[in-house]
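Right, one structure below, let's go through it.
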Amino acid sequence: CAMSHGLLLDTTRCIGCGACSAACKEQNELPLEIEDRTTAYTWTTVQSRAGVNVRRMCMHCLTPTCVSVCPVGAMNKTADGPVVYDAERCIGCRYCVQACPFDVPKYQWDRAIPVVGKCVMCAPRLAKGEPTACASVCPTGATKFGERSALIAEARRRIASAPGRYVDHVYGLDEVGGTSVLMLSSVPFAQLGLRENLPHQPLPGLTWNVLSNVPDIVMLGGTVLYGIYWITRRRDLVRRIESASAIREREAREHGRPS
């Protein structure tokens, strides 16, 4: 993961302008209203905590728990760094919502056919060699995009050059095995609402120890859920094909030619 990309969020430079949130909304075609917390429709927002402006967004873990618990591969960690989501695969089990140590994935409870909403670190932009939308509009450099290894070096340089300005820790360097989003702060991270009691080893190893002891009936339940999902999708496809066929037959009769 040393060559993967990420973001460095420096809370001491954030002025709370919200340009990052607005750019995220535009990039991902989300409703324009910016909420004061992350939701299925607001993937990043700026909160004021302890007199500090702090961004809330997916941390894009190096070894993501959401990926490890997803039974159908709807969540994936890319080589570029982002943890991406495929709504077409999702069966709505919401294991990712429950497993995330940062409380990031959110479910569209207000939709008839809901999906999960979370930051995907502008994966399409990264694929074209472009920085994330949020980093490209930040006016103060509070959000910096780059290779994770370079961002770690930059974070350490900032701490060393102004030791009184920063807490002597790069958040995300080791938490849950490391994250692609790193943070610097002038106050303890707990005051920003970030968990400081996280283990340094990746959580999927811990969750596997639990899941490996889950009764087979629970695993069977996941299989049944996917079966229902597949059958529903198949029925929708059959209905569309039958509808198209009926239209063609009606048009053929109207024009007096065989169908």
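The values are calculated or read from the model by the stated rules, or taken from the named source; none is laboratory data. Bear in mind the structure is a predicted one, so any value in this text is a computation, not a measurement. Virtual Cβ from ideal backbone geometry, glycine too; neighbours counted across all protein chains shown. When the accessible area is computed, the model is the full protein with side chains, heavy atoms only, and any ligands, DNA or RNA have been set aside. Shrake-Rupley method; radii C 1.70, N 1.55, O 1.52, S 1.80 Å.
In whole percent, how big is the carbon plus sulfur part of the accessible area of region 65-218, probe 1.4 Å, protein atoms only?
With neighbouring chains kept in place, the figure for region 65-218 is 54 percent.
Where the centre of each part is set by its Cα atoms, how far does region 150-192 sit from region 90-117, in angstrom?
Their Cα centres are 29 Å away from one another.
Between E33 and K128, what is the label-to-label distance in nm when each label sits 7 Å out along the Cα-to-Cβ direction?
It works out to 3.0 nm between the two label points.
Is region 1-82 best put as rounded, prolate or oblate by its Cα gyration tensor, with a ≥ b ≥ c the root eigenvalues, rounded for a/c under 1.5, and otherwise prolate when a/b is larger than b/c, oblate when not?
Prolate shape, in that a/c is at least 1.5 and a/b is the bigger ratio.
With a 1.4 Å probe and every protein chain left in place, work out the accessible area per residue of region 44-197 in Å², rounded to a whole number.
43 Å²
Can you tell me the convex hull volume per residue for region 75-194, based on C-alpha atoms, in Å³ to the nearest whole number?
Expressed per residue, the convex hull around the Cα atoms of region 75-194 is 141 Å³.
Treating the beta-carbon of each Lys and Arg as +1 and of each Asp and Glu as -1, no other charges, what is the dipole magnitude of region 49-159 about its Cα centre, to the nearest 20 debye?
Charge dipole, region 49-159, about its Cα centre: 360 debye, nearest 20.
How large is the convex hull of the C-alpha atoms of region 39-115 per residue, in Å³?
Spelled out: Cα convex hull of region 39-115, divided by residues, is 107 Å³.
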